[in-house]
Amino acid sequence: MTAAITAMITAVVGVLGTLFSPVLAQRLTARQRTEDARLAGEQRKFEERRAQYTAMNRASRQFHTLLKDALHRIRDGVYTEQERAQLEEARLDHRDRYAEAQMIVPERILQASRDLNRVLALGDAAIKRLDRGLARDGESVERALEDLRAADPCLDTMRELMRQDLGVTD
């Protein structure tokens, strides 16, 4: 090769490099933006799930606690209208958190929540009957408290599944 041909090849490579450099940089930037958007979307979904799990856990535990409190107060004859209203508010909050969760949480967590909901709903119904003096045969405050204890393992299972889904390990 002569010096002229080498110079010509070098010039062509230089010009092509100059022309393609912005195109290559643009492609790399576009790939990076796509990856950043994907990661941001995953992070947003994770944060939504975490917030939903926190709300579900809090609402479920609050409802459970107020159910137990109501039974104790009914037994002691000191159940008030204010406590009835608090329990109803907790029931509605629990229902709303569950409805929201149905849209974004995995089925195994919804199943755990359904198992818990069955126990809590039965407890709520028993409380309403006991409060109104319409208890079924064999239904009592003590029996309702015993039945409500079935919520404890359901609460633990639901919480554990949520933690696993969020990647929380001990």
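What the table below lists for this structure:
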item	result
Over the chain: helical MRE at 222 nm, DSSP H runs n ≥ 4 each giving -39500 (n - 2.57), nearest 500	-30500 deg cm²/dmol
Sulfur and carbon atoms: percent of accessible area, the chain [1.4 Å]	56
In Hz, Karplus ³J(HN,Hα) per residue of the range 135-145 (6.51, -1.76, 1.60; θ = phi - 60°; x = Gly, Pro)	4, 6, 4, x, 7, 8, 4, 4, 5, 5, 5
At q = 0.20 Å⁻¹, base-10 log of I(q)/I(0) for the range 38-170 (Debye sum, equal scatterers on each alpha carbon)	-1.09
Residue-normalised accessible area of the chain, expressed per residue, 1.4 Å probe, Å²	66
For the range 159-167, 3J(HN,Hα) per residue [Karplus equation, 6.51 cos²θ - 1.76 cosθ + 1.60, θ = phi - 60°, Hz, x = Gly/Pro]	4, 5, 5, 5, 4, 4, 4, 7, x
The chain: relative contact order in percent, alpha carbon pairs under 8 Å with at least 6 residues between	25
Kirkwood Rh, Cα atoms: Rg over Rh of the range 70-133	1.08
Dimensionless Rg/Rh of the range 116-170 - Kirkwood Rh, Rg from C-alpha atoms	1.20
Semi-axis lengths, Å, the range 23-94, gyration tensor of Cα atoms, sqrt of 5 times eigenvalues	52, 8, 5
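The values are calculated or read from the model by the stated rules, or taken from the named source; none is laboratory data. Values in this document were obtained by computation on a predicted structure and should not be read as measured data. Heavy atoms of the whole protein, side chains included, go into the accessibility calculation; ligands, DNA and RNA do not. Shrake-Rupley method; radii C 1.70, N 1.55, O 1.52, S 1.80 Å.
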